[in-house]
Ligand code: TXA
Ligand code: MG
């Protein structure tokens with residue numbers, strides 16, 4: 001028998017947001033909408049609250065949390081901002097950009113997994129911004145999924161994953177962007193590095209920093225390689241559905257009724273019921289917005305394998321491919 005869900009979903013009324021801000025101040029957790037994906041928020045300055053975040057997600061304490069702030073002054077309090085960070089913040093905050101900077105002493109070591117750096121982001125979602133303002137403290141907010149599963153892009157996804165472990169979910173509608181923020185390491189402002197490709201393409205960041213950012217080196221397995229999952233714990237699998245995923249640079253013809261074929265755009269002609277697509281015209285923003293919800297949906301349909309078409313590596317395509325590779329267990 002499944003345990004009864006205890007999470008309540010709250011609409012974003014002024015009264016509800018005041019209530020949820022009080023819960024946060026009392027050290028409790030609240031799942032929140034952001035423009036990227038839903039997050040699980042707790043007071044970043046309260047170690048007890050942060051401990052609860054790790055417990056609710058089943059996340060190891062070695063994986064640090066992003067500190068979300070309402071205003072630039074708050075970012076200056078939790079981190080050592082530098083000139084490049086201020087320039088990037090002026091251009092992209094509030095928005096889907098996370099900066100890794102030297103950590104201030106006020107931030108509990110638990111948040112940064114003992115590192116001397118802290119990840120900081122100022123989110124754009126209006127309801128979350130209101131909540132941050134009323135909570136009047138920076139919030140530690142990882143994506144609101146069980147550790148290792150696909151990030152949630154609706155309040156209902158959050159309830160499915162964490163409903164028995166948390167009490168409060170603020171519903172802000174489906175996430176507008178659908179993939180997580182871009183993380184830029186600015187500990188050395190002269191050599192910025194992208195730690196996680198995300199909603200803001202690297203070209204846009206390079207235009208502001210004035211230097212191109214090195215592409216993280218990684219070797220991936222593409223389709224045609226054995227789709228079997230690596231043993232749990234062998235690879236840092238993230239965002240992964242339970243059904244094995246096989247990635248393709250060029251999609252082969254659909255076959256096998258027990259296999260799903262997920263295209264970026266609608267293929268031509270008459271299509272079998274096991275053929276799916278993310279956007280009729282393959283618009284990359286729409287693809288990003290729908291990707292995680294589609295992986296959840298296909299995962300629930302008990303296919304033996306899900307074949308997925310990869311994006312071009314450019315622009316948003318870099319982040320989309322990164323998430324696909326992780327979901328396939330290859331990152
Ligand atoms: O869009 C987002 O960033 C979402 C929403 C909820 O804001 N949050 C998110 O958090 O994706 P999470 O915890 O799922 O992923 C945060 C990533 C982790 O992979 C973590 O290792 C990295 O940020 N990170 C956090 N602090 C870091 C640090 N000091 N140095 C390097 N990486 C860090
Ligand atoms: Mg996550």
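A compact table of results
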| quantity | calculated |
| --- | --- |
| Yes/no for residue 28 being more than 16 Å from ligand 2 (Cβ to nearest atom) and either in contact with a strand residue (DSSP E or B) (Cβ under 9 Å, 6 or more places away or on another chain) or touching a residue at least 60 places away in the same chain (Cβ under 8 Å) (or both) | yes |
| Residue 76, sole failed condition from (1) in contact (Cβ under 8 Å) with a residue 12 or more places away in the chain; (2) over 18 Å from the mean Cα position of the chain (by Cα) | (1) |
| Selection count, the range 48-71, where residues are farther than 22 Å from residue 163 by Cβ, surrounded by 17 or more Cβ atoms within 10 Å (Cβ to Cβ) and more than 12 Å from ligand 1 (Cβ to nearest atom) | 1 |
| Complete set of residues in the range 163-183 that are out of contact with any strand residue (DSSP E or B) (no Cβ under 6 Å at 6 or more places or on another chain) and either modelled with pLDDT under 95 or within 13 Å of ligand 1 (Cβ to nearest atom) (or both) | 172, 175, 176, 177, 178, 179, 180 |
| Index of the failed condition, residue 199 passing every other in (1) farther than 24 Å from residue 60 by Cβ; (2) away from ligand 2 (no atom under 16 Å from the Cβ); (3) at pLDDT 95 or above | (2) |
| Failed criterion for residue 105 (all others in (1) in contact (Cβ under 8 Å) with a residue 40 or more places away in the chain; (2) away from ligand 1 (no atom under 12 Å from the Cβ) hold) | (1) |
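The values are calculated or read from the model by the stated rules, or taken from the named source; none is laboratory data. Keep in mind it's a predicted model, so treat the numbers as computed, not measured. Note that each Cβ is placed from the backbone with ideal geometry, even for glycine, and that neighbours are counted across all protein chains shown.
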